[in-house]
Amino acid sequence: MTRSPLLLFSFLLISSLLFTSGCKNKCDGPNLNVNSEQLAIDIAIIDDYLTENNIEATEHPSGLRYTITRQGDGNSPNACDRIAIAYTGKTLDGTIFDESKDPVSFGLTSLITGWQIGLPLLKEGGRITLYIPSVYAYGASGAGSDIGPNESLIFEIYLLRVL
């Protein structure tokens, strides 16, 4: 059975459009459609924390606060990338609830919104501290026994590589 080159081309074109449009939808970036009242509460709590601890942080338009301690000099991740990182996660009272000193890798789209917002601000080799409003973390549900409902978080992240 011979296949027409036009038929094969059409199949490849349609397949590539379907594949790339699927990735584009997954990689449009973080979902910033959150409860604005809770976001305002979270920002006030984070800003109080930063003031009390004499921390100067940059305000992202989303409401996230961050400090970059090293910008890095490699590639910056985008929403579709996998990343290799080391990190420490803490509550605002300083309790460490999660930590990875050895590199781990994740797809950026599988991570909490606060990371999706903050990590593209870095380049490989960069270090950032994210002050994440609860609405961009685990929200009203919290996470297990370590992260309460509507709890804002701090993550210190070392972006090792964009994979």
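Identify the residues of region 113-128 with backbone N under 16 Å of a label point that sits 7 angstrom from the Cα of Arg70 along the Cα-to-Cβ direction, or state none.
122-128
For each of Thr67, Thr95, count neighbouring Cβ atoms within 10 Å of the residue's Cβ, then give the residues from fewest to most. Intermediate values should be presented prior to the final figure.
Details: Thr67 15, Thr95 10.
Lowest to highest Cβ neighbour count: Thr95, Thr67.
Using Cβ contacts closer than 10 Å as the measure, can you line up Ser100, Ser36, Ser62 from fewest to most? Let's see the in-between values first.
Details: Ser100 13, Ser36 10, Ser62 20.
Least crowded to most crowded, the residues run Ser36, Ser100, Ser62.
Show me the ranking of peptides 149-155, 117-123 by mean Cβ neighbours inside 10 Å, starting with the highest.
Details: 149-155: 20.4, 117-123: 22.0.
My ranking of the peptides, most packed first, is 117-123, 149-155.
Read the figures in this text as sums done on the coordinates, not as results from a lab. In this text, all values refer to a predicted model and were calculated from it rather than measured experimentally. With ideal geometry, Cβ positions are generated from the backbone for all residues, glycine too; neighbour counts draw on all protein chains shown.
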